[in-house]
1. Against the conditions (1) hydroxyl-bearing (S, T, Y); (2) more than 30 Å from G133 (Cβ to Cβ); (3) surrounded by fewer than 21 Cβ atoms within 10 Å (Cβ to Cβ), where does T78 fall short? Just the number, please.
2. Can you say whether P115 is touching a residue at least 40 places away in the same chain (Cβ under 8 Å), surrounded by fewer than 18 Cβ atoms within 10 Å (Cβ to Cβ) and more than 20 Å from V38 (Cα to Cα), as far as the supplied structure shows?
3. Could you check, for the stretch 19-40, whether at least one of its residues is hydroxyl-bearing (S, T, Y), over 21 Å from G118 (Cβ atoms) and either assigned to a strand (DSSP E or B) or more than 20 Å from the chain's Cα centre (by Cα) (or both)?
4. Checking the conditions here, which among E205, E285 is under 28 Å from I6 (Cα atoms), acidic (D, E) and touching a residue at least 40 places away in the same chain (Cβ under 8 Å)?
5. Has the stretch 237-246 got at least one residue that is modelled with pLDDT under 90 and either farther than 17 Å from A178 by Cα or not in a helix (DSSP H, G or I) (or both)?
6. Return a yes/no flag: does the stretch 176-187 have any residue that is of a type in the set (D, E, K, R), farther than 24 Å from Y19 by Cα and part of a helix (DSSP H, G or I).
7. Would you pick out the residues in the stretch 55-75 that are surrounded by 21 or more Cβ atoms within 10 Å (Cβ to Cβ) and farther than 15 Å from H145 by Cβ?
Amino acid sequence: MKLRVIDVTPVGERLIASYLLVEGSEALLIDTGPRSTVDRVLEALREEDVRPSYIILTHIHLDHAGAAADLARETGATIIVHPRGAKHIVNPDKLWEASRAVLGPVADLYGKPSPAPGHLVREAGDGEVLEVGGLRLRFIHTPGHASHHMSILVEGRDLMFLGDSAGIVIEYMGERVALPSTPPPFKPQAYIESVEKMIKMAPSEAAPGHYGTLTDATSYLRGHLDQVRRWMSLVEEALGEGISDVARVAEYVADRDATASRLYSSSNPVISQMFYMGTIWGLVEALKGRG
């Protein structure tokens, strides 16, 4: 089995990944990246001299699935997606408008997805198995980051494709950092339950949507779970003290957690504003809604 990481970051590098999985004469794409980088995926397919039979989406957000329809038309591949996401792959208008409302100009950087032909879209049930080219892929519904999220376990290889179900991974100041990076609507309890579900499957290797591969997957998942719980506790403390403004909560958490502090003070706005502040925003809105 060959696994190739395709960098589909529109600006910069090593932030968004599409994964090409090749086994014998069969090829699969796990996530596609945004529509604006579709040519990079096509170039990788030409270099490997393969045509995927399936395009499997962890979820339908623009940075992971925006190029799916274009690639399906180009290759004839069937798109496999969570049942809650399938209609938005066929008709992405509502997804596009919601994405623009949350992401602003970043959505334009990703590009508006094309509609996919309905006959090329297939829904995947929780626990369903796809057998192709000697591989067994199990689809695991993992909500929290999004209701339409699923992770994919390659059985017998102990490799799990995470999408955004267990955070983004940043190599920052010599430290590996993971954070949910999930603006509203974020469902923290569902997120925690999803990570716990994946821990029980004990993968040895993992491939997050942001970015690359991890060779200590189960240990990573446990550490990430601890971090999410700590940040949730700190956000709850801030709310309990009457602090509800997202910027002030972000500062409150950063003052009490070393990892948060490094992210909060980063000179890179993608890290400090998009990733860190997005996470705090999602947590604040979710935990305020408990009341």
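The values are calculated or read from the model by the stated rules, or taken from the named source; none is laboratory data. Model, not experiment: these values are computed from the prediction. Backbone-built Cβ (ideal geometry, glycine too); neighbour counts: all protein chains shown.
1. That leaves (2) as the condition not met.
2. When the stated conditions are applied, P115 does not pass them.
3. Scanning the stretch 19-40 turns up at least one residue that is hydroxyl-bearing (S, T, Y), over 21 Å from G118 (Cβ atoms) and either assigned to a strand (DSSP E or B) or more than 20 Å from the chain's Cα centre (by Cα) (or both).
4. E205
5. no
6. There is no residue in the stretch 176-187 that is of a type in the set (D, E, K, R), farther than 24 Å from Y19 by Cα and part of a helix (DSSP H, G or I).
7. Answer for the stretch 55-75, where residues must be surrounded by 21 or more Cβ atoms within 10 Å (Cβ to Cβ) and farther than 15 Å from H145 by Cβ: I55, I56, G66, A67, A68, A69, L71, A72.
Listed here are the residues, each with its yes/no results for (1) out of contact with any His (no Cβ under 9 Å at 6 or more places or on another chain); (2) closer than 25 Å to T32 by Cβ.
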{"residue": "I168", "(1), (2)": "no, yes"}
{"residue": "P208", "(1), (2)": "yes, yes"}
{"residue": "T215", "(1), (2)": "yes, yes"}
{"residue": "G242", "(1), (2)": "yes, no"}
